[in-house]
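Quick notes on the structure that follows.
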Amino acid sequence: MDLRKISLAELPGVGPKKLEALQSLGINNVYDLLFYFPFRYEDMQAKSLDDAADQEKILLKGVVASEPVVSRFGYKKTRLNVRILVDNESVMVTFFNQPWLKDKFETGTDVAVYGKWNENRRSLMGMKVIDIHGNSVDSVYSVNKNIHQKTLINLIKVAYEKYHDQIDTVVPAYIRTKYKLLDDVQIVSGIHFPKNQEQGDEARRSAKFREFFLFQCGLQSIKRNDEKQNVGIVEKYDHDFIGKFIGDLPFQLTDAQNRVVREILADMESTHHMNRLLQGDVGSGKTIVSVIAMLAAVTAGYQAAIMAPTEILAQQHFDKIGKLLAPLHIRTALLTGSLTKKEHDFIAGDIENGKTNIIVGTHALIQDSVDFKDLGFIVIDEQHRFGVNQRKALREKGQNPDVLAMTATPIPRTLAITTYGDMDVSRIDQLPAGRKKVETYWIRSQKIEQMYHFVTKELNDGAQVYVVTPLISESETMDLKNAELIYDKFTELFGKKYHIGILHGQMPNDQKEAVMKDFSDKKIDVLVSTTVIEVGVDVPNASVMVIYDANRFGLSQLHQLRGRVGRGEKQSYCILIADPKNESATERMKILTSTNDGFVLAEEDLKMRGAGDLLGNRQSGLPEFKVGNPVNDINILEVAQEEASQLFENEALMNSPETKALKSFINDEYEQLNNFD
Ligand code: ADP
Ligand code: MG
């Protein structure tokens, strides 16, 4: 029985008002209600009176020693008094305004009462009578002003009574046996009405597995659907041509690059629809991998496009790709938002009639006015910078093109599993040979002179320097002012001998490009910039990165910034200027000086800031789990992922009755996810 199809209105006492209150908690049907779990328990272990402190909430167990007496006072107020014998001491228990509890106290029978202990009077202000054979743990739910704890608990009880024998267990039996997991009825009762803390914990462990497992099955089913329905394009690329292109590169690909190139090309040539995430730390050389893949698509007769998050980055890709491919008669174009209408129409025309083979662009690529002739392959650079919808929009510009999404933000293992379980992942886990570790130092602002000395020395040595100024406020004008002050300072100190440039978000695009080009051509020695250079920018000769107010940045962002240097032969340095005001900022500075490993940093960042922050607000695809926590419960998550993927590989099992409930659940639950990225 699908409890998600049963309206809450079926429950006694639920009218429009309660329906609305429940909805405001995200509870829309009986299933939601039963799986609306408490966020903590109040443990009501029975206490001996010797251990009870004054005003402490305790559970007393005893024998009813007197007839309960109900008396009235004030306006419609009642008091119920009853004596119970606890360890040979007679204790007076008083309940206010719950006269009906009278029936629960029959002289001579066992009883358990939860309430507030008054040490002086040796009496208890009763709060509730506990079913002596039932649970002594009280579930606490997150509620809002529209609905009380009590109302909710009662509704859950009613729903459980009425529907518990209709709950279908979704996790297949063989998996539950393997990991000693409870079935869904046990989970629901164990979590809502545990007899003790241990039982609650046990149910919760099973619930976490169940939650992760269902999510992973959802991802698997999307993935399989994708493969079945959308048979991918078979790109019969020119092997010799690609081999020669790789051989002619000015450098040798690293083993890791070679490996991921093979993975990608194999996918392209197969009927498999490629949806692949390419992960690699900053500077690991993702761009060239994507260029090889795009070139392969072109030799197979398709157009390829790469979408970057900023104009600076798109421009940089365009320059590099153009240089590499022009001798091969591959036609490339750059499409950004800053083109005039005439330029835009001209370029868009050539994209539409197929004259252009490889198109580099920003989100301008997904405008309605852009049509491709035969888009077979797309690359999304810095993919976490794009929203799910933007990525989808680019895909829809072609007939189910293969997708390569690249990210320089190393996504921790946990998030890779949770959010990208539906994608294949290729990882470049190696930097090009000869790269030296960026040496990182942290100084406080009172020691800023040391930085000036250091920069002088490095400039005299031919280095180029980035100086990054932070986002001081939400206001761009303020940030600009800050950047300008620092620019003035550097001009005053170094301006006679060196060229100082400035770059900020408010400059017109052509001016930004001109500045970047000058920096790239070494016409600028020191580039003072707001964080517009944060992603992707590649100027190998730059070897010093100075970051002001570094404590204002997150770890991953600092790592990205630092990744702008250390791209050439020269020993590179990163100097963090920071006066951290709290422990976590201090911790960030220390971690950064101690490791260059982006994955380690990303894991740390995740622990410190949480997933939402790390991926940015636009990452709407990030799932929210109710019971499980992908960071703390990583072990359960991994096992769930493993089991889900094995199950989907196993056709016999997938067709057996054992997975019937699971399949029906997934089909409904994840239907909307088929529109997912
Ligand atoms: P990211 O992975 O951060 O996007 P890029 O693709 O920008 O890194 O590459 C960083 C730099 O390393 C570029 O200058 C690129 O030309 C260079 N590079 C890429 N692969 C190699 C390699 N195998 N050997 C040497 N240099 C390489
Ligand atoms: Mg890059």
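The values are calculated or read from the model by the stated rules, or taken from the named source; none is laboratory data. In this text, all values refer to a predicted model and were calculated from it rather than measured experimentally. Don't worry about glycine lacking a Cβ; one is built from the backbone with ideal geometry, like all the others, and counts go over all protein chains shown.
Spot the failing condition for Y41; the list is (1) within 30 Å of A9 (Cβ to Cβ); (2) loosely packed, with under 14 Cβ neighbours inside 10 Å, and only one is missed.
Here Y41 clears every test but (2).
Can you confirm whether K150 is in a loop (DSSP other than H, G, I, E, B) and without any contact (Cβ under 8 Å) to a residue 12 or more places away in the chain? Before you say what the answer is, go through the steps one by one.
Working: in a loop (DSSP other than H, G, I, E, B): no; without any contact (Cβ under 8 Å) to a residue 12 or more places away in the chain: yes.
So K150 fails the test.
Taking K323 as meeting all but one of (1) within 14 Å of ligand 1 (Cβ to nearest atom); (2) at pLDDT 95 or above; (3) surrounded by fewer than 16 Cβ atoms within 10 Å (Cβ to Cβ), write down the number of the exception.
K323 satisfies all of (1) within 14 Å of ligand 1 (Cβ to nearest atom); (2) at pLDDT 95 or above; (3) surrounded by fewer than 16 Cβ atoms within 10 Å (Cβ to Cβ) except (2).
Within the range 81-104, which residues are within 53 Å of the chain's Cα centre (by Cα) and not in a strand (DSSP E or B)?
The first filter runs over the range 81-104 and keeps only residues within 53 Å of the chain's Cα centre (by Cα), leaving 86, 93-104.
Within the range 81-104, N97, Q98, P99, W100, L101, K102, D103, K104 meet the criteria.
Is there any pair with a first residue in the range 266-287 that is in contact (Cβ under 8 Å) with a residue 60 or more places away in the chain and a second that is of a type in the set (K, R) whose Cβ atoms are under 6 Å apart and which are 6 or more apart or on different chains, and what are they?
Final answer for the pair search is L278/K286; Q279/R427; G280/K286; G283/R567.
Take L278 and decide whether it is over 26 Å from Q399 (Cα atoms), within 16 Å of ligand 1 (Cβ to nearest atom) and not acidic (D, E). Lay out the reasoning, then the answer.
Details: over 26 Å from Q399 (Cα atoms): no; within 16 Å of ligand 1 (Cβ to nearest atom): yes; not acidic (D, E): yes.
So L278 fails the test.
Does at least one position in the range 657-674 carry a residue that is modelled with pLDDT under 75 and either within 30 Å of C574 (Cβ to Cβ) or hydrophobic (A, V, I, L, M, F, W, C) (or both)?
Taking the range 657-674 first, the residues modelled with pLDDT under 75 are 668-674.
Those still in the list that are either within 30 Å of C574 (Cβ to Cβ) or hydrophobic (A, V, I, L, M, F, W, C) (or both) too: 673.
There is at least one residue in the range 657-674 that is modelled with pLDDT under 75 and either within 30 Å of C574 (Cβ to Cβ) or hydrophobic (A, V, I, L, M, F, W, C) (or both).
If a residue counts only when it is closer than 30 Å to N596 by Cβ, which strands (runs of 3 or more DSSP E) contained entirely in the range 313-414 have at least 1 such residues? So that I can check it myself, show each step before the final result.
On the way: elements: 332-335, 358-361, 375-380, 402-407.
Those strands (runs of 3 or more DSSP E) span 358-361, 375-380, 402-407.
Are any of the residues in the range 533-541 away from ligand 2 (no atom under 16 Å from the Cβ) and assigned to a loop (DSSP other than H, G, I, E, B)? It would help to see each step written out before you state the result.
First, pick out the residues of the range 533-541 that are away from ligand 2 (no atom under 16 Å from the Cβ): 541.
With the extra rule that they be assigned to a loop (DSSP other than H, G, I, E, B), the set shrinks to 541.
Looking for residues that are away from ligand 2 (no atom under 16 Å from the Cβ) and assigned to a loop (DSSP other than H, G, I, E, B), one finds at least one in the range 533-541, hence yes.
Among the residues of the range 191-207, what is the count of those that are surrounded by 22 or more Cβ atoms within 10 Å (Cβ to Cβ) and either assigned to a helix (DSSP H, G or I) or at positive phi (or both)? Don't jump to the end; show me each part of the working.
The first filter runs over the range 191-207 and keeps only residues surrounded by 22 or more Cβ atoms within 10 Å (Cβ to Cβ), leaving 191-192, 194, 200, 203, 206-207.
From the residues that got through so far, the ones that are either assigned to a helix (DSSP H, G or I) or at positive phi (or both) too are 191-192, 200, 203, 206-207.
Count: 6.
With the condition kept exactly as written, say whether any residue in the range 597-607 is out of contact with any strand residue (DSSP E or B) (no Cβ under 9 Å at 6 or more places or on another chain), at pLDDT below 90, of a type in the set (V, I, T) and surrounded by fewer than 21 Cβ atoms within 10 Å (Cβ to Cβ).
For the range 597-607, residues out of contact with any strand residue (DSSP E or B) (no Cβ under 9 Å at 6 or more places or on another chain), at pLDDT below 90, of a type in the set (V, I, T) and surrounded by fewer than 21 Cβ atoms within 10 Å (Cβ to Cβ): present.
Considering only residues of the range 416-442 that are among the polar types (S, T, N, Q) and more than 16 Å from ligand 2 (Cβ to nearest atom), which is modelled with the highest pLDDT?
Initial filter on the range 416-442 (among the polar types (S, T, N, Q)): 418-419, 426, 430, 440.
Retained after the next criterion (residues that are more than 16 Å from ligand 2 (Cβ to nearest atom)): 418-419, 440.
Values: T418: 67, T419: 64, T440: 97.
Only one residue tops the list, namely T440.
Looking at R552 and the list (1) more than 16 Å from I502 (Cβ to Cβ); (2) touching a Lys or Arg at 6+ places or on another chain (Cβ under 9 Å); (3) of a type outside the set (S, T, N, Q); (4) surrounded by fewer than 21 Cβ atoms within 10 Å (Cβ to Cβ), which single condition is not satisfied?
Unmet condition: (2).
Within the range 402-415, does at least one residue satisfy the condition of being closer than 15 Å to R276 by Cβ, more than 16 Å from ligand 1 (Cβ to nearest atom), modelled with pLDDT of 90 or more and buried (at least 20 other Cβ atoms within 10 Å of the Cβ)?
Step one: of the range 402-415, the residues closer than 15 Å to R276 by Cβ are 402-407, 411.
With the extra rule that they be more than 16 Å from ligand 1 (Cβ to nearest atom), the set shrinks to 402-403.
Next, from what is left, pick out any that are modelled with pLDDT of 90 or more: 402-403.
From what is left, the residues that are buried (at least 20 other Cβ atoms within 10 Å of the Cβ) are 402-403.
Yes, the range 402-415 has at least one match.
Any residue in the range 632-652 that's in contact (Cβ under 8 Å) with a residue 12 or more places away in the chain: show its pairings with residues that are outside any helix (DSSP H, G or I) and surrounded by 16 or more Cβ atoms within 10 Å (Cβ to Cβ) at Cβ separation under 7 Å, as long as the two are six or more apart or on different chains.
From the range 632-652, the pairs are I636/G628; L637/G628; L637/P630; Q641/G421.
Could you list all residues from the range 496-519 that are free of Cβ contacts under 8 Å to residues at least 40 places away in the same chain and outside any loop (DSSP other than H, G, I, E, B)?
At the first step, the residues of the range 496-519 found to be free of Cβ contacts under 8 Å to residues at least 40 places away in the same chain are 496-507, 511, 514-515, 517-518.
I500, G501, I502, L503, Q511, A514, V515, K517, D518, listed by residue number.
Since M268 meets every condition but one in (1) surrounded by 12 or more Cβ atoms within 10 Å (Cβ to Cβ); (2) within 10 Å of ligand 1 (Cβ to nearest atom), which condition does it not meet?
(2)
Would you mind telling me which numbered condition in (1) more than 27 Å from T407 (Cβ to Cβ); (2) within 16 Å of ligand 2 (Cβ to nearest atom) K496 fails?
(2)
Which ones in the range 2-17 are touching a residue at least 24 places away in the same chain (Cβ under 8 Å) and under 33 Å from the mean Cα position of the chain (by Cα)?
D2, L3, R4, K5, I6, L8
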